[in-house]
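Single-structure report; data block below.
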Amino acid sequence: MKYDVVIIGSGLGGLQCGYILSQEGYNVCILEKNRQLGGCLQTFTRNNSIFDTGMHYIGSMDDGQVLNNFFRYFKLTGRLKLRRMDEERYDIVKFRDKEYNFAMGHERFIDTMQGYFPHERKALLQYTSKLKEITESVDLFNLRDSSYTQTGYLDFFGIGMDDFITSLTKDETLRNVLLGLSPLYAGIKDRSPLYLPMIIHSSFINSSYRFIDGGAQVSDLLADYITGNGGTIMRKAEVTEFIFESGKIKAVRINNSELIEGDTFISNIHPKTLLDIAVDAPLRPAYKTRIRSIEETTGAFTLYLSMKKNAFEYINSNYYVFKTRQVWEAQNYTPETWPSGYMIHFSPSSTDEKYTDAIIVNTYMKWDDVSQWADTTVEKRGNEYREFKSERAGKLFDAIESDFPGIKSKTEAWFTSTPLTYRDYIGSPTGSFYGMLKDFRDPLRGMVMPRTTIPNLLLTGQNINVHGVVGVTICSVLTCSELIGIQYLINKMRNA
């Protein structure tokens, strides 16, 4: 069958593109290689506990805030089961054995931080002022009339986050605390651009929420809307070949068999994976070389804890714990110093407000740590891999126990994932959590735009623009605007 638009991959960006275009009357088909939709929105259940695989919390969901406005258009506002996080300490950075609370709201954040750093109010004011400046520089972040000449936000891709923080204050501890959310973007001292961490923090400082019973509810709702609009969603439909004709894509082949034809194709898969499949794509050699040369962000080892009933009280905050002298050093672990820190998330349940039954712990893990099993598949990696995961889980468990005494005894069962798992389920070549690395020293090299030189191929997803729910949502709007116009879409979203 032939479709108006064929979307490859059902991550958040692919589903949002499917929603936008099916709403506009396009005959849409989404192809997903896995059984479950959603990419990083996927959840799984073990021991009756629901675990998120990637979407641990979202920001700016209060009335009038950016994600709330976007989600209103997607008919998600009011239909998601959410829990608002602790206003006084939605995030907690633990550095050198002391806890520092990140509070919601710019003024509350400043006042809270000034309590730890009494003489640093000026630095904190400058920090929050830059947060506001960066978010104000993006038309779509504010659903403002589109200005094709407004490119001020691009300047922030050419400034280093570490350079900016260093310019604010001489207080080394404050610098590290302000960098404490770096696991949200796999930050690197000499690489991370100012734009990325600031747009992320700006989203969460406005308001922070967790999904009750997991983030898959987002993909479930979007999928229902798409099929309700007449769209088609095909699961276990892996794209294995692109068919080109006269410089355009005529069709894709799924599972080495069936052909799916389309007028326009949107790729929601990793750009490098796209190039691996579309080996004959009529793209410029320089473009292919640049895409392949972009480094990947560091991956993660995740420990999923299924808790005993009524054993561990729910904590309405995230912890970012560092075991290093400097926050930036967290990725530079050795076998002896791993884990160098971790992020811990406590999942809220619809059946019990007092206790949690699921805890998720993420820590850095390099691809090299698991590359010896690169040619294996899920559940078929052998005993050495299982022993490796068990040994690493034990080390991480010990680190958590030192910060949350008794957590081991309150755990019913535990499960793990590595960069190999993320590679196989979300399609990132080396299992990176946040896709391709952005580098302020050469910002243009890491930028991948929605439009390609193939006239009917568009890109979307976390590698286009920036990652995270807000970043991917903005990207889906930019991608679809290539077909229906940016100002038209902005007006639709403002009036939703």
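Report, ordered by the first and then the second residue, all pairs with beta carbons closer than 6 Å, sequence separation of six or more or different chains, a first member in region 10-25 that is in the same structural domain as Cys480 (by TED's automatic domain parsing), and a second member that is hydroxyl-bearing (Ser, Thr, Tyr).
Listed pairs, sorted by first residue: Gly13/Thr460; Gly13/Ser476; Leu15/Ser219; Gln16/Ser476; Cys17/Thr460; Cys17/Ser476; Cys17/Thr479; Tyr19/Tyr225.
Among the numbered criteria (1) within 21 Å of the chain's Cα centre (by Cα); (2) closer than 26 Å to Ile92 by Cα, which single criterion is violated by Trp367?
The one condition Trp367 does not meet is (2).
Please work out which residue is farthest from Ala358 (Cα to Cα), limiting yourself to region 82-109 and to residues that are in contact with a strand residue (DSSP E or B) (Cβ under 7 Å, 6 or more places away or on another chain) and part of a loop (DSSP other than H, G, I, E, B).
Only one residue fits best here, namely Met104.
Six or more apart or on different chains, Cβ under 7 Å: which pairs go from a residue in region 251-274 that's over 12 Å from Lys2 (Cβ atoms) to one that's part of a loop (DSSP other than H, G, I, E, B) and of a type in the set (D, E, K, R)? Could you list them?
Ile254/Glu238; Asn255/Glu238
When you look at Asn176, is it in contact with a Phe, Trp or Tyr (Cβ under 6 Å, 6 or more places away or on another chain) and of a type in the set (S, T, N, Q), yes or no?
In short, yes.
Would you check which residues across region 321-346 are buried (at least 17 other Cβ atoms within 10 Å of the Cβ), in contact with a Ser or Thr (Cβ under 8 Å, 6 or more places away or on another chain) and not in a loop (DSSP other than H, G, I, E, B) and list them?
Within region 321-346, Phe322, Val327, Trp328, Ala330, Gln331, Gly341, Tyr342, Met343, Phe346 meet the criteria.
Considering only residues that are polar (S, T, N, Q) and assigned to a loop (DSSP other than H, G, I, E, B), which ones fall in region 258-313?
Listed by number, the residues that qualify are Asn268, Thr297, Thr298, Asn310.
Let's see how each residue does on (1) modelled with pLDDT under 95; (2) over 30 Å from Met161 (Cβ atoms); (3) of a type in the set (Val, Ile, Thr); (4) part of a loop (DSSP other than H, G, I, E, B):
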| position | (1), (2), (3), (4) |
| --- | --- |
| Arg386 | no, yes, no, no |
| Glu391 | no, yes, no, no |
| Leu396 | no, no, no, no |
| Lys408 | no, yes, no, yes |
| Gly446 | yes, no, no, yes |
| Val472 | yes, no, yes, no |
| Ala496 | yes, yes, no, yes |
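Pick from region 1-20 the residues that are of a type outside the set (Lys, Arg) and out of contact with any helix residue (DSSP H, G or I) (no Cβ under 6 Å at 6 or more places or on another chain): which of them is farthest from Ile474 (Cα to Cα)?
Taking the candidates together, the pick is Met1.
Do we find a residue being touching a residue at least 24 places away in the same chain (Cβ under 8 Å), within 22 Å of the chain's Cα centre (by Cα) and not assigned by TED's automatic domain parsing to the domain that holds Gly485 anywhere in region 109-118?
The answer is no, given that none of the residues of region 109-118 is touching a residue at least 24 places away in the same chain (Cβ under 8 Å), within 22 Å of the chain's Cα centre (by Cα) and not assigned by TED's automatic domain parsing to the domain that holds Gly485.
The values are calculated or read from the model by the stated rules, or taken from the named source; none is laboratory data. Note that the structure is a prediction, hence the values are computed from the model and not measured. All Cβ positions, glycine included, derive from the backbone under ideal geometry; neighbour counts span all protein chains shown.
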